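The values are calculated or read from the model by the stated rules, or taken from the named source; none is laboratory data. Nothing here was measured: the structure is a model prediction, and the numbers come from that model. For neighbour counting, all protein chains shown are included, and Cβ atoms are generated from backbone atoms with ideal geometry for every residue, glycine included. Calculation scope for accessible area: heavy atoms of the full protein, side chains included, ligands and nucleic acids excluded. Shrake-Rupley method; radii C 1.70, N 1.55, O 1.52, S 1.80 Å.
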Amino acid sequence: MKLSDYIEIDPTKRFGKPILKGTRIAVGDVLNWLGNGMSKEEIIIDFPELNEKQIQACLLFAASRENQLGIAS
């Protein structure tokens, strides 16, 4: 999956937070919903402009960011 197909950072939208292309929905919003127990299906019902690939891209984005962080020693 190529993240740039799904996620963009535009300083004029959501204060430059990563968002899903074609929406004003921040990656962090999707991750928060998932972290609070919403399923992908529930998110799509609440936000029908989203699809499963976009939600998966949010998870991959978070994983790639986490991998870039170093472990403090």
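Could you tell me the relative contact order of the chain? Use alpha-carbon pairs under 8 Å, at least six residues apart, and round to a whole percent. That works out to 25 percent. Counting only alpha carbon atoms, the long axis of helix 52-68 and the longest principal axis of the chain meet at about 10°. Computed over protein heavy atoms with a 1.4 angstrom probe, the accessible surface ordering of 34, 60, largest first, is 60, 34.
Near residue 21: Cβ cut-off under 9 Å, other residues only, Lys/Arg at +1 and Asp/Glu at -1. The net charge is -2. Under 19 Å of direct C-alpha separation, and excluding same-chain neighbours fewer than eight residues apart, residue 53 reaches these aspartates and glutamates: 5, 8, 29, 41, 42. Here residue 64 sits with roughly 40 square angstrom of accessible surface, probe radius 1.4 Å. Heavy-atom accessible surface of residue 24, to the nearest 10 Å², is about 140 Å², with a 1.4 Å probe and all protein chains retained.
Each Lys or Arg adds one and each Asp or Glu subtracts one; over the other residues with Cβ under 13 Å from the Cβ of residue 5, this totals +2. Considering only DSSP states other than H, G, I, E and B, which GluC sites (Glu not before Pro) in the chain qualify as loop sites with at most 16 other Cβ atoms within 10 Å? Here the sparse-neighbourhood loop sites are 49. Rounded to the nearest 500, the 222 nm mean residue ellipticity of the chain from helices alone is -13500 deg cm²/dmol, with -39,500 (n - 2.57) taken per DSSP H run of at least 4 residues.
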